[in-house]
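The values are calculated or read from the model by the stated rules, or taken from the named source; none is laboratory data. Predicted, not measured: the structure shown is a model, and the values here were computed from it. Note: ideal-geometry Cβ built from the backbone for every residue, glycine included; neighbour counts use all protein chains shown. Heavy atoms of the whole protein, side chains included, go into the accessibility calculation; ligands, DNA and RNA do not. Shrake-Rupley method; radii C 1.70, N 1.55, O 1.52, S 1.80 Å.
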Amino acid sequence: MSRTIHLLAITLLLGLIVPVTACAHGDKDNQPRKDDEKNTTLQLGPRPYFLVNDMDESALKKKLQSCINSPIKKTNFSIGHRGAPLQFPEHTKESYEAAAKMGAGILECDVTFTKDKQLVCRHSQCDLHTTTNILATPLASKCSQNFSPFDPVSGKAASANCCTSDITLAEFKTLQGKMDAFNPKATSVDEYLKGTANWRTDLYASKGTLLTHAESIQLFKKLGVKMTPELKSASVPMPFDGSYTQAMYAQQMINEYKAAGIKAHDVWPQSFDIQDIRYWIKNEPTFGKQAVYLDDANTTADLPTANDLQMYADEGFKIVAPPIWALLALDNNNKIIPSEYARNAKKAGLKMITWSFERSGPLKNGGGWYYQTINAAINNDGDMMDALHVLAKDVGVIGIFSDWPASVSYYASCMKLK
């Protein structure tokens, strides 16, 4: 091949490659789009497009399909629920980085404390046996309950109970995060540590870097995202160690944001404990303004009444956060509509956030717990985009926690939500 023909071939090849790259990132000037604040390339991957293409034919589907080549922007509407735990070990550096790359404008650190009263990111104070490798380390001897194997005679499941309060911060930092799962029929520790749901993956579980709460703040600053820490209920009696009170715990979390120079308007502190919300409103009013009261109702019978919601508003609460199903209902034609709870919260002047998108696994057999009020209208994964649309447009939520933020980021960018 002559040098001229060789150069021509390279030129033609580059001409084919560049538009494909541009299309993948949705940038009009044939360059990957960069996030304005931190110069982070946003990468959604194929998941949002899979969900959109799986939708039933509708005007909404056509609208979402029309945005396939549009720019994707970071959005506060998309909240990384423990990072991106659909595929990455939750509350790890790798999970948080993945969520930020998918356009999540807010990330969550669930906050609990160690034996030496240091704050760390874990979904529960006592979940180390399912979210880390602690049972495979010498620290297993310090667990509240070490591994107990499955008993085939009695049918008693394999079990363990390892808490952050069982170990010091230095010991905690030696652990590695893994996908949250366990095998109830395990007869060995190795078997117990497995059990990841088949709709998740262990592909990215070979590295899970655990973080302190303070480290999460620094990482989030670096990633250019805002923060929504959840103060987890203690699994040990409080005051812990005879002196560490709930108020001290709630204050310590806020103090770490103040020490890091984080402005209150960039933080949404959360809690299922109403006393924590009241504490922040009274003692840290600038942070309390954005405090999020989480609702742990399991069925519609457990939901707050209109009077309850009005009482929250009268006390100075600004934001409530129930699960997805609490904000949705079906009309007589099986159309998804805002629930009575959603209407009452709006009437009381409360803003709403909800949780957690893509937490249920495949929806072909219904939506399970997270979609319990609309299961009759759910039969494929694309239906979750219809539910998302009602939450955004009709209910008017200001943000959605997601286990795979790319899907919510795509919707928000298409609909031009901030």
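Key figures
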item: 20 Å binning of all Cα-Cα separations within the chain, expressed as whole percents from 0 upward; result: 25, 55, 18, 2, 0
item: Segment 233-311 and segment 150-203: distance between their alpha carbon centers, rounded to Å; result: 29 Å
item: Other-chain or far-sequence residues with amide H under 5 Å of Trp268's (modelled H); result: Met227, Thr228
item: Heavy-atom accessible area per residue - segment 321-413, 1.4 Å, Å²; result: 34 Å²
item: Computed E for Thr174/Asp331 - FRET, C-beta separation, R0 45 angstrom, nearest 0.05; result: 0.25
item: Three-way shape call for segment 228-269 based on the alpha-carbon gyration tensor, with the a/c threshold at 1.5; result: prolate
item: Members of Lys393/Lys418; Lys61/Lys318; Lys61/Lys347 lying beyond 22 Å, as alpha-carbon distances in this model show; result: Lys61/Lys318; Lys61/Lys347
item: Computed [θ] at 222 nm, deg cm²/dmol, the chain (DSSP H ≥ 4; -39,500 (n - 2.57); rounded to nearest 500); result: -8500 deg cm²/dmol
item: Unit charges on C-beta of K, R, D, E only; dipole of the chain, Debye; result: 1220 debye
item: Total lysine pairs under 15 Å (Cα atoms) in segment 69-175, excluding pairs fewer than 8 apart on one chain; result: 8
item: GluC sites (Glu not before Pro) restricted to DSSP loop in segment 49-130 with at most 16 other C-beta within 10 Å; result: Glu57
item: Qualifying aspartates and glutamates (Cα of each under 20 Å from Cα of Lys346; at least 8 residues distant if same chain); result: Asp295, Asp296, Asp302, Asp308, Asp314, Glu315, Asp331, Asp394
